[in-house]
There are 2 protein chains.
Amino acid sequence: MAKAGSTSQLQGSERRDPEGTRRRLVAAAIAALREVGFAGASAREIARRAECNQALVFYHFGSVADLLVAALDETSRVRMERYSAAVAGVTTLEGLVTVGIGIFREDLDAGHVTVLAELIAGASTSPELGAAVAERIETWRRFTEEIARRVLDGSPFAPLLEPGEVAFAVVALYLGIELLTHLDGDRRPAEGLFATAGRMAALLGSLSGGPDLGGVPTSGRAEEGSP
Amino acid sequence: MAKAGSTSQLQGSERRDPEGTRRRLVAAAIAALREVGFAGASAREIARRAECNQALVFYHFGSVADLLVAALDETSRVRMERYSAAVAGVTTLEGLVTVGIGIFREDLDAGHVTVLAELIAGASTSPELGAAVAERIETWRRFTEEIARRVLDGSPFAPLLEPGEVAFAVVALYLGIELLTHLDGDRRPAEGLFATAGRMAALLGSLSGGPDLGGVPTSGRAEEGSP
DNA sequence: GTCTATACTTGGATAGAC
DNA sequence: GTCTATCCAAGTATAGAC
């Protein structure tokens with residue numbers, strides 16, 4: 001063993017690559033947000049998980065808040081890639097819900113959404129953090145809006161629902177489900193909800209192109225042949 | 001002015017009633033959770049708002065966490081009374097959404113749901129707090145479930161939707177909307193969503209007793225005259 | 001680039017005067 | 001019951017050695 005008291009930091013002159021340290025800090029920040037929340041994600045706690053010194057947080061990121069934002073960017077980036085690949089080509093509501101269930105389980109297992117939820121709640125304490133988080137949320141809302149537009153297009157609901165509003169609702173619901181599920185560790189309510197959503201999607205999907213919805217005109221955007 | 005340094009605390013032997021102090025502390029805790037979030041709701045911050053000494057938090061409540069739970073109980077109690085009165089007698093989906101919009105505006109103005117949302121997020125740091133918060137959420141979910149059951153009863157959706165699941169979704173959505181709206185201070189997305197919900201409710205409500213929903217059998221629970 | 005050491009601040013919690 | 005004073009732990013951030 002090395003000197004007593006130090007857990008796993010570097011001793012002497014054995015330098016490691018700075019990019020590796022940055023990445024480990026970001027990963028540690030994500031893990032800390034997931035496991036001990038915003039209030040517990042201190043520089044010391046994060047550095048301990050990254051197995052480096054606490055001062056490196058400030059050297060590499062300037063402040064804890066900036067590191068947390070970097071952590072949010074990283075999860076957002078990774079999840080955006082995953083989501084994009086998963087929903088590519090999906091245009092039916094039913095297919096979308098099926099994909100959504102899979103993604104949701106991933107998110108829950110890995111705690112991806114927890115990072116976002118914790119930062120949203122933590123943003124109450126600092127307005128600067130709030131602005132940064134709001135920007136990232138807007139990115140997700142727009143992403144969801146595009147999907148909603150695709151699925152809505154040609155459905156009898158098109159004249160009834162704004163894609164932007166649907167996206168807002170989906171993001172809010174997803175966030176809420178995450179919070180509740182993470183709270184008591186029981187994911188069965190969420191699973192049940194998704195199962196029901198699947199049934200409803202199948203039902204609603206069967207209405208598309210079929211009989212009209214209670215006398216509501218399917219005018220305008222309900223045509224096909226778009227790019 | 002009195003002695004320098006003290007903002008508004010009591011000097012000498014002028015005692016105030018202990019119940020008043022307790023109430024002021026609870027009110028101050030609620031305000032702190034709303035305005036500076038869980039991370040900012042310290043004993044000192046709360047005592048400052050209650051215009052009393054920081055030590056009284058521990059004298060009256062034992063710990064900060066216990067005071068925060070007491071604060072959650074208080075908002076829950078007040079809001080439960082308000083909600084109960086508001087939805088009394090409402091049985092249609094459309095009427096419910098109308099009432100919901102009014103309640104939602106109240107909640108947003110006064111930040112009632114923020115208290116809950118902050119504590120949910122803050123619960124990540126302490127398991128004991130998490131259990132207490134989970135209990136209160138379950139109360140709200142059950143309350144919502146009863147309303148869902150009433151509205152669902154006799155509607156063509158009764159065989160499709162479990163009241164418990166609907167309640168879970170509603171609570172999650174409400175929570176998510178609160179978080180997002182509180183984040184950037186723009187309540188227009190939420191207002192738009194409620195407006196759309198009102199239109200959808202009117203549409204869906206017109207289906208009740210009317211034509212069936214796309215060939216789905218309205219069997220079992222869709223009968224009236226239950227206990 | 002990484003670590004040690006340290007200055008400074010804030011927060012939870014308790015003891016004791018009044 | 002309330003306040004003062006205080007201890008101790010933990011956090012942010014910086015300076016400087018290596």
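The values are calculated or read from the model by the stated rules, or taken from the named source; none is laboratory data. As the structure is a computational prediction, the values presented were derived from the model and not from experiment. Here Cβ is always computed from backbone atoms with ideal geometry, including for glycine, and neighbour counts include all displayed protein chains.
A few comments on the model shown:
- Top-ranked residue of region A:176-207 - restricted to ones that are facing chain B (nearest Cβ under 7 Å) and outside any helix (DSSP H, G or I), ranked as modelled with the lowest pLDDT: A:LEU207
- Any hit, region B:1-19, residues being at pLDDT 95 or above and not hydrophobic (A, V, I, L, M, F, W, C): no
- Boolean, A:ALA131 is of a type in the set (A, V, I, L, M, F, W, C) and more than 7 Å from chain B (Cβ to nearest Cβ): yes
- Among (1) touching a His at 6+ places or on another chain (Cβ under 9 Å); (2) within 16 Å of DNA strand D (Cβ to nearest atom); (3) without any contact (Cβ under 8 Å) to a residue 40 or more places away in the chain - the single one B:VAL78 does not satisfy: (2)
- Search result, residues across region A:17-32 that are touching a residue at least 40 places away in the same chain (Cβ under 8 Å), away from DNA strand D (no atom under 12 Å from the Cβ) and crowded, with 22+ Cβ neighbours inside 10 Å: A:LEU25, A:VAL26, A:ILE30
- Within region A:59-71, if we keep just the residues that are without any contact (Cβ under 8 Å) to a residue 60 or more places away in the chain and surrounded by 21 or more Cβ atoms within 10 Å (Cβ to Cβ), the residue that is farthest from DNA strand D (Cβ to nearest atom) turns out to be A:ALA71.
- Checking each residue in region A:158-175 for being more than 16 Å from B:ASP186 (Cβ to Cβ) and more than 9 Å from chain B (Cβ to nearest Cβ) picks out A:ALA158, A:PRO159, A:PRO163, A:VAL170.
- Criterion applied to B:GLU135, B:GLU128 was being surrounded by fewer than 16 Cβ atoms within 10 Å (Cβ to Cβ) and either under 19 Å from A:PHE38 (Cβ atoms) or among the hydrophobic types (A, V, I, L, M, F, W, C) (or both), and the one residue passing it is B:GLU128.
- Taken as a whole, the structure places A:GLU51 among residues that are out of contact with any Phe, Trp or Tyr (no Cβ under 9 Å at 6 or more places or on another chain), acidic (Asp, Glu) and within 14 Å of DNA strand C (Cβ to nearest atom).
- Taken over region A:38-58, the criterion of being away from every other protein chain (no Cβ under 14 Å), assigned to a helix (DSSP H, G or I) and near DNA strand D (Cβ under 7 Å from one of its atoms) is satisfied by A:ALA43, A:ARG44, A:ALA55, A:PHE58.
- Residue within region A:75-82 that is away from DNA strand C (no atom under 13 Å from the Cβ), part of a helix (DSSP H, G or I) and within 14 Å of chain B (Cβ to nearest Cβ) present: no
- The listed residues are B:GLY100, B:GLY37, B:GLY111, and the only one of them that is closer than 24 Å to B:ARG141 by Cα, within 16 Å of DNA strand C (Cβ to nearest atom) and not hydrophobic (A, V, I, L, M, F, W, C) turns out to be B:GLY37.
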